[in-house]
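Novice: Have a look at this one.
The values are calculated or read from the model by the stated rules, or taken from the named source; none is laboratory data. What you are looking at is a predicted structure, and each value in this text was computed from that prediction instead of being measured. Using ideal geometry, Cβ is built from the backbone for each residue, glycine included, and neighbour counts are taken over all protein chains shown. We work out accessible area using only protein heavy atoms, side chains counted, and drop any ligands, DNA or RNA first. Shrake-Rupley method; radii C 1.70, N 1.55, O 1.52, S 1.80 Å.
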Amino acid sequence: RPHVVPVGVFYDPEAGTVVIGGAAGTNMTSSKKFRDARKNPDVAFIVDDLASVNPWSPRAIEIRGRAETHLTGGEEVGKRIGAMMPFDPAWIAIHPTRILTLGIDSDSFVLSARDIHPLP
């Protein structure tokens, strides 16, 4: 079943991935999100926001992709990408395959979508 919980999301420009990292000491490997990503790497997440309430201006980005779970290295990745907190050793990298936006590159009520093709 889908599992929807708040997470910390960071962009890794060097790898072209989105990183999900837990705070040091949280034991990311015991989280349902980590276990689910290991079992089925087809994942999606969404970030939504209100740019303004007057006028009502919602905006959102949904990223769909393939998750890659890592048991080690989170501390270094967190430092490299400038995370606000030290990372747990375990972490998730999401390789985007489709990006949908609302109110980011267009009007608040116009959906935009594009596929991301991996480099050869």
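Novice: Per residue, what volume in Å³ does the convex hull of the Cα atoms of the range 45-120 enclose?
Specialist: 122
Novice: Sticking with this one: Consider all pairwise Cα distances in the range 66-107 and report the whole-number % of them above 14 Å.
Specialist: Here the tail beyond 14 Å accounts for 59 percent of pairs.
Novice: State the Kirkwood hydrodynamic radius of the range 25-67 in Å, one decimal place, computed from all pairs of distinct Cα atoms.
Specialist: After inverting the mean inverse Cα-Cα distance, the result is 12.6 Å.
Novice: Can you find, among PRO86, SER31, SER106, the residue farthest towards the positive end of the dipole of the chain? Put +1 on the C-beta of Lys and Arg, -1 on that of Asp and Glu.
Specialist: Checking the options against the dipole of the chain, the answer is SER31.
Novice: When you have a sec, figure out the Kirkwood radius of the range 1-83 from all distinct Cα pair distances and drop it here in Å to one decimal?
Specialist: Answer for the range 1-83: a Kirkwood hydrodynamic radius of 14.4 Å.
Novice: I'd like the carbon and sulfur percentage of the solvent accessible area for the chain, probe radius 1.4 Å, heavy atoms only, ligands and nucleic acids excluded.
Specialist: Carbon and sulfur: 56 percent of the exposed surface of the chain.
Novice: Another one. Rounded to the nearest 500, what is the chain's calculated 222 nm mean residue ellipticity when only DSSP H runs of at least 4 contribute -39500 (n - 2.57) each, over all residues?
Specialist: -3000 deg cm²/dmol
Novice: Sticking with this one: Hey, what's the chain come to in accessible area per residue, 1.4 Å probe, Å²?
Specialist: About 66 Å² of surface per residue is accessible.
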